[in-house]
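Report on the following structure.
Rule-based calculations on the coordinates, nothing more; no lab input. Keep in mind it's a predicted model, so treat the numbers as computed, not measured. For neighbour counting, all protein chains shown are included, and Cβ atoms are generated from backbone atoms with ideal geometry for every residue, glycine included.
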Amino acid sequence: MSVNPTRLLIVDDHEVVRVGLRLLLERRAGLEVVGEADSVATAVEAASQCSPDVVIMDIRLPDGSGVEACREIRARRPETKVIMLTSYADEDAVLAAILAGASGYLLKQIGSQALVDAIQTVARGRSLLDPSVTEKVLERVRRMGTSAGDEQLSKLTAQEQRILALIAEGKTNKEIAAAVCLSDKTVKNYVSSILSKLNLSRRSAAAAYVAGQRRGSEPSSHS
């Protein structure tokens, strides 16, 4: 029985990178490159037209961030998986990418076989992070978790706490609106209020805050 190949979309503003990735991936059995894009706008359009299973996304694009493209693609096509492939091990970017629905965050220094393995892992519905950025993310979460306590959460209404939990799960405003039966605009207002009450400026920081609170509530393995 033949198995349909994993359909790939490559997004990078450097043509030489796109060409290199295409040549690398098309040599591998079970993978098919169905499109390329060099910006947020063309990535979103290509994802709609090509219906890829996995998008390999650069995080820095000329008209915005790959995180924005990831969020929009996932909102339109939740079944499409996104791997962020970048030169920068930035914990803010990692958290933002996870919140936007990315299934993986890898550095461009990754080996060819490791990249292929990552694509296959994500295509099967699993998530992954490059080991070199994982510890930075965990450290960021630990710092955020110790910077604020339960008194901060007490400032939030029950609805705001529910929405905060959904933000931490990586839900988009549209997905949150559907979950809590509110309009997108109302959810956007709630998100702004939550960030203000917690003295945070980004959704990624809110997710890290929740993760830190959860880690803080877990019993120590050394006790």
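Some notes on this structure:
- If R0 equals 35 Å, the separation of the Cβ atoms of residue 29 and residue 192 corresponds to a calculated FRET efficiency of about 0.15.
- Sites matching trypsin sites (Lys or Arg not before Pro) across the range 34-134 that sit in DSSP coil, with at most 15 neighbouring C-beta atoms within 10 Å: 108, 124, 126
- In the structure shown, the pairs 155/185; 81/108; 81/188; 81/155; 155/188 are assessed against 27 Å; a Cα-Cα span above that value is assigned to 81/155.
- Here the Karplus relation 6.51 cos²θ - 1.76 cosθ + 1.60, evaluated at θ = phi - 60°, turns the backbone of the range 8-25 into coupling constants of 10, 10, 9, 10, 7, 7, 9, 4, 5, 5, 4, 5, x, 5, 4, 4, 5, 6 Hz, with x for every Gly and Pro.
- Residues 11, 180, 54, 16 arranged by fewest to most Cβ contacts within 10 Å: 16, 180, 54, 11
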